[in-house]
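No lab work stands behind these numbers, since they all come straight from the coordinates. Keep in mind the model is a prediction, meaning the values are calculated, not measured. Neighbour counts run over all protein chains shown; Cβ positions are idealised from the backbone, glycine included.
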Amino acid sequence: MAARKATNDGDDDKARNLEQLLATKEIVISCGSGGVGKTTTAAAAAAMAATHLGGKVLVLTVDPARRLANALGLEQFGNTETRIPSAAFAACGIEPRGELWAAMLDTKQSWDDLVRRHAPDPKTRDAILSNKLYQNISGRFVQSHDYIAMERLYEIHTAGNYDLIVVDTPPTRNAIDFLEAPGRMADFFSSRLLRWLTAPAKSRVMNFASKPFYTVADRVLGTQFLQDIAEFFGLFQQMAPGFVERAEAVTRVLSDRRTTFVVVSTLESAPLREAEYFIEALDQRKLHLGALVLNKVLPAYLRRTATTPVARALCENGDQIAAKLPGFDDRAAVARVLHTVGESFLNYQVVAKREAEQRAELARNPDVVATVPFFDSDIHDLAGLMRLGEQIWR
């Protein structure tokens with residue numbers, strides 16, 4: 001199925017809700033610090049899109065957590081996209097218009113696939129895949145997880161099999177690495193470091209003897225190890241043009257008008273600072289901030305002024321109220337309870353008003369600001385995801 005294209009109608013106008021936002025996008029990247037509900041929000045948004053907008057929707061998790069698999073009812077969850085069965089929706093009383101698919105990034109497998117795709121010939125491909133250094137570091141290579149995530153996203157998007165891809169990223173500051181990984185990879189392949197690493201091993205090892213640092217390195221690591229490094233990066237350099245080209249293409253996809261970012265946070269101080277940090281980073285990079293989703297927001301009734309006198313009456317007139325309640329012998333204890341309830345309500349009211357001010361300030365940047373209240377229980381299934389989705393959708 002061809003990817004859905006954004007219309008030109010109202011491009012200059014902000015979307016009024018998440019439904020309108022996702023209807024005109026092909027890639028949605030969900031970002032936020034740990035523990036704020038980023039993974040469940042990404043899955044909920046994807047489930048709502050599949051239900052209401054139709055087409056094929058994929059939620060791709062880069063943050064390697066099993067919560068998403070559990071919530072979607074999947075036993076097998078890996079690099080290959082898996083469709084969420086219709087029976088799972090039917091059990092929730094839902095008949096989706098489209099299909100929901102899910103995948104979780106497998107760094108090692110994705111790197112192997114990338115090598116097979118970019119290697120100039122079978123001999124180079126096999127040499128890289130069998131290289132011991134590659135086998136040891138491909139899953140732990142600095143920035144490898146971030147870069148391969150962007151590569152995987154680009155691969156899936158260009159294949160055109162999905163109308164919408166929702167990406168669940170690592171926690172916020174790592175998500176900045178996620179954004180910068182393509183550029184870093186391109187810089188690496190054109191760097192002096194790579195040229196040094198791929199210089200003829202023999203001449204470099206001979207130079208080591210004249211430099212104390214390299215003499216120590218040779219003694220500790222061994223000449224063979226240094227030669228293995230040169231061979232490894234020499235093989236990789238043969239794929240440099242392909243890597244650089246793809247890295248630049250990935251960067252273009254991120255800034256495309258059909259790509260948007262959703263920042264997920266709570267209004268607690270630490271996650272909120274992280275959210276503000278990432279919002280600023282998106283603005284500096286001229287990347288589109290489509291929505292801000294605020295989880296665990298206090299209910300609106302706490303801000304209503306009509307409720308304040310009731311809470312104050314509990315605090316100030318607890319004795320009189322307790323005297324009118326039948327069935328309680330210890331009226332002083334009842335009065336203390338009423339006073340505690342009233343005071344707690346007034347304290348929560350202050351917090352709720354502060355949250356409203358914070359939301360108003362944050363609303364200046366994104367197209368959409370959605371809030372999610374406290375839920376009585378954790379989200380652990382598709383029904384819970386849909387319940388969360390209803391809160392952020394319209």
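Taking 0.36 nm per residue of sequence separation and removing the Cα-Cα distance, the Lys123/Asn17 pair yields an extension gain of 32.9 nm. The stretch between Arg97 and Asn347 holds 85.5 nm of extra length on full extension. This uses 0.36 nm per residue minus the Cα-Cα distance. By the beta-carbon count within 10 Å of each Cβ, the least crowded to most crowded order of Ile176, Ile29, Ile84, fewest first, is Ile176, Ile84, Ile29. Panel note: the C-alpha atoms of the range 301-357, placed on their principal axes, show extents of 44, 17, 16 Å (largest first).
Among His339, His157, which comes first, then next, by fewest other beta-carbon atoms within 10 Å? Ordered by Cβ neighbours within 10 Å, fewest first: His339, His157.
Of the cross-linked pairs Lys38/Lys353; Lys25/Lys353; Lys56/Lys296, those separated by over 27 Å at the C-alpha level are Lys25/Lys353; Lys56/Lys296. Applying a DSSP loop filter and a limit of 15 other Cβ atoms within 10 Å to the trypsin sites (Lys or Arg not before Pro) in the range 267-376 leaves Arg285, Lys286, Arg304, Lys324, Arg364. This ranking places Thr80, Thr260, Thr305, Thr24 by how few other beta-carbon atoms lie within 10 Å of each, fewest first, which gives Thr305, Thr80, Thr24, Thr260. Out of Val350, Ala335, Thr305, whose Cα points farthest toward the positive end of the dipole of the range 301-357 (charges: +1 Lys, Arg; -1 Asp, Glu; placed on Cβ)? Looking along the dipole axis, the top candidate is Thr305. Using only side-chain charges placed at the Cβ, +1 for Lys and Arg and -1 for Asp and Glu, the dipole size of the range 301-357 relative to its Cα centre rounds to 220 debye. Modelled spin labels at Ala159 and Ala363, positioned 7 Å past Cα toward Cβ, are 4.1 nm from each other. Compared with the alpha-carbon gap, the fully stretched path from Arg354 to Ala332 is longer by 4.6 nm at 0.36 nm per residue. Loop-located chymotrypsin sites (Phe, Trp or Tyr not before Pro) in the range 75-135 (DSSP state not H, G, I, E or B) with no more than 14 neighbouring Cβ atoms inside 10 Å do not occur.
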